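> Here you go, one structure.
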Amino acid sequence: MSTIIFIGLLRQTFESSSSLTPQFQHFYMTFRSDMKRFLKDRGAKEFKFSRGHFEVSGFFTMPDDQVWYFSIGDVRWFKEWMLLRTAKSYEDYTGGSNCQVKLGSEEEFTEDFERITKCQLYRAIAIFGGMRY
């Protein structure tokens with residue numbers, strides 16, 4: 001398994017700007033590369049990444065065909081956790097219940113991510129009326 005570099009990059013103070021900064025561009029490219037590798041190591045089949053002003057979000061599909069949405073808010077202020085929840089599709093921004101993945105260390109991130117995506121109880125709660133969320 002590879003090292004997750006983007007978690008260390010979150011410890012820096014991000015320069016505030018009305019446009020894309022080289023610092024945030026570097027963070028985003030590192031995040032995208034790390035997450036693709038991390039997700040592939042867990043069998044994910046598809047990925048979609050989006051870069052906001054100082055935010056990152058996207059979708060991925062796990063081997064059981066469950067779609068997941070993720071989001072890290074404005075990295076200038078919100079660096080402690082990543083939002084993760086089930087989704088019906090790559091256009092579903094409301095999806096299932098919000099879960100938090102800690103971004104304090106690679107170990108915390110991996111542990112929380114795997115607990116949430118593999119938790120059968122959470123998965124059962126996320127299915128509503130026969131439709132995946």
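The values are calculated or read from the model by the stated rules, or taken from the named source; none is laboratory data. None of these values were measured; they are calculated from a predicted model. Note that we place each Cβ from the backbone using ideal geometry, even for glycine, and neighbour counts take in every protein chain shown.
> Lys40 is checked against (1) free of Cβ contacts under 8 Å to residues at least 40 places away in the same chain; (2) part of a helix (DSSP H, G or I); (3) under 14 Å from Arg76 (Cα atoms) and fails just one. What number does that condition carry?
(3)
For every residue, the table says whether it meets (1) surrounded by fewer than 18 Cβ atoms within 10 Å (Cβ to Cβ); (2) modelled with pLDDT of 95 or more.
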position	(1), (2)
Lys40	yes, yes
Arg51	yes, yes
Val56	no, yes
Phe60	no, yes
Lys88	yes, no
Gly96	no, no
Phe109	no, yes
Leu121	yes, no
Ala126	no, no
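> Quick one: what pairs do we get from segment 17-31, first residue at negative phi, second part of a helix (DSSP H, G or I) and surrounded by fewer than 16 Cβ atoms within 10 Å (Cβ to Cβ), C-beta under 6 Å, 6+ apart or different chains?
Taking only residues 6 or more apart or on different chains, the pairs are Thr30/Ile5.
> Still on this structure, I have one more. Go through the residues of segment 12-22 one by one and say whether even a single one is outside any loop (DSSP other than H, G, I, E, B), out of contact with any strand residue (DSSP E or B) (no Cβ under 9 Å at 6 or more places or on another chain) and surrounded by 14 or more Cβ atoms within 10 Å (Cβ to Cβ).
Here is the first cut: in segment 12-22, the residues outside any loop (DSSP other than H, G, I, E, B) are 22.
Still in the running and out of contact with any strand residue (DSSP E or B) (no Cβ under 9 Å at 6 or more places or on another chain): 22.
Narrowing the set further to residues that are surrounded by 14 or more Cβ atoms within 10 Å (Cβ to Cβ) leaves none.
Checked segment 12-22: no residue is outside any loop (DSSP other than H, G, I, E, B), out of contact with any strand residue (DSSP E or B) (no Cβ under 9 Å at 6 or more places or on another chain) and surrounded by 14 or more Cβ atoms within 10 Å (Cβ to Cβ).
> Would you say Phe24 is touching a Lys or Arg at 6+ places or on another chain (Cβ under 9 Å), hydrophobic (A, V, I, L, M, F, W, C), under 18 Å from Tyr69 (Cα atoms) and at pLDDT 95 or above?
Criteria not met by Phe24.
> Count, please, the residues in segment 31-49 that happen to be under 20 Å from Ile5 (Cβ atoms) and either under 13 Å from the mean Cα position of the chain (by Cα) or among the aromatic types (Phe, Trp, Tyr) (or both). It would help to see each step written out before you state the result.
So in segment 31-49, the residues under 20 Å from Ile5 (Cβ atoms) come out as 31-42, 44, 47, 49.
Of the ones still in play, those that are also either under 13 Å from the mean Cα position of the chain (by Cα) or among the aromatic types (Phe, Trp, Tyr) (or both) are 31-39, 44, 47, 49.
Total meeting the criteria: 12.
> Residues of segment 23-51 being in contact with a strand residue (DSSP E or B) (Cβ under 6 Å, 6 or more places away or on another chain) and of a type in the set (S, T, N, Q), which ones?
Across segment 23-51, the qualifying residue is only Ser50.
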